[in-house]
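Structure first, commentary second.
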Ligand SMILES: Cc1ncc(COP(=O)(O)O)c(C=O)c1O
């Protein structure tokens, strides 16, 4: 049966983990893997999650099936968090938020839902985009194209060229946006630019699909929903694939949601039924533990405030690291300008190094990252940043 199977090379990020684990240099740094880290290099469980888990343990009475929509309270709280409790799409019954196993499954379900609604639909994504986007939309049978986004020479947004491409999209096209904290570039449209993009979506009639994996890591939990809320206000239809992996630091619990906005309450009910039909044929039902914990947090004023505080803490630490890193590089005598690091947001930025320079960082200094030179800024701390800046100077000279 399996003679024809050929081994597939692992995702580059998995080989980085393997290389890093095998590296015996005590000064080694992993800048590749996309998880938040604290000053000690760990990825701790948030205090609000620990509190909510205690409550869940004390109160849960069954592990029976929940049904395809998962934890109802989680779905409702996530919808309000992302779209705003008083928003029109909730008042009008046009929004359905359905729990999925992580943001990845939300994206995959989104792709299958679009295919079910319009089999000929094609998807446009930013150039570059998260590598898994390039795999999972085609895996659902969608043809993919790209629109200009990140300027390698300028380390900034190619806004005019992006608009030029979006102006050519039309009804039947789906366009994928990173709602905040673009992965891999760290470059996002500013609020004024998001308004222009949302107006264009309404004018051209394409379907916005927003990947919201880092809400709260750019400017704040509410501020980072701006793109979603603008699309919801201006466009009749919208899909949001959200992830709780980073924002609640619940990576392995696999918590996410797909939110669907359609033209009216009947169409939304139909869309939800299609989602349940699609997921029944793959994972059947989403897992309950993580969403139950988040439901407890978001139903409690005290735990929600604690979560917001912890989320702010993660964002502030990343921004502080960005600033310190840019300052240390500038002070080190390195000629190249890395000031862009402090103007970008979220965990990721491109250093703008060649693959050869990235390999030198790994082979000579045990600093591991992907060959595109995307780094996870959250991997820095007080004890490894100077070592990194010194190594960077050496590979640049
Ligand atoms: C841009 C983006 N979207 C979606 C995801 C999916 O996250 P998960 O499936 O772990 O919730 C990630 C995770 O790295 C991401 O970076």
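The values are calculated or read from the model by the stated rules, or taken from the named source; none is laboratory data. Please read all numbers here as calculations on a predicted model, not as lab measurements. Cβ sites come from the backbone with ideal geometry, for glycine too, and all protein chains shown count toward neighbours.
A compact table of results
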{"item": "Condition broken by residue 224, with the remaining ones in (1) in contact with a helix residue (DSSP H, G or I) (Cβ under 8 Å, 6 or more places away or on another chain); (2) within 16 Å of the ligand (Cβ to nearest atom); (3) not in a strand (DSSP E or B) satisfied", "result": "(1)"}
{"item": "The range 217-245 residues that are in the same structural domain as residue 321 (by TED's automatic domain parsing), paired with ones that are assigned to a loop (DSSP other than H, G, I, E, B) and crowded, with 23+ Cβ neighbours inside 10 Å (beta carbon under 6 Å, 6 or more apart)", "result": "none"}
{"item": "Selection status of residue 130, within 10 Å of the ligand (Cβ to nearest atom), surrounded by fewer than 24 Cβ atoms within 10 Å (Cβ to Cβ) and either without any contact (Cβ under 8 Å) to a residue 12 or more places away in the chain or closer than 30 Å to residue 350 by Cα (or both)", "result": "yes"}
{"item": "Near pairs, Cβ below 6 angstrom, 6+ apart or cross-chain, from the range 93-120 (over 26 Å from residue 145 (Cα atoms)) to any residue that is part of a strand (DSSP E or B) and away from the ligand (no atom under 11 Å from the Cβ)", "result": "94/261; 95/261; 96/260; 97/259; 98/258"}
{"item": "Unmet requirement for residue 55, which otherwise passes all of (1) assigned to a helix (DSSP H, G or I); (2) touching a residue at least 40 places away in the same chain (Cβ under 8 Å); (3) under 28 Å from residue 229 (Cβ atoms)", "result": "(3)"}
{"item": "Elements of type helices (runs of 4 or more DSSP H) contained in the range 68-166, each with 1 or more residues being under 21 Å from the mean Cα position of the chain (by Cα) and at positive phi", "result": "102-117"}
{"item": "Test set (1) at pLDDT 95 or above; (2) surrounded by fewer than 21 Cβ atoms within 10 Å (Cβ to Cβ); (3) on the phi > 0 side of the Ramachandran plot - residue 333 fails condition number", "result": "(1)"}
{"item": "Residue within the range 230-243 that is in a loop (DSSP other than H, G, I, E, B), within 24 Å of residue 136 (Cα to Cα), within 16 Å of the ligand (Cβ to nearest atom) and touching a helix residue (DSSP H, G or I) at 6+ places or on another chain (Cβ under 9 Å) present", "result": "no"}
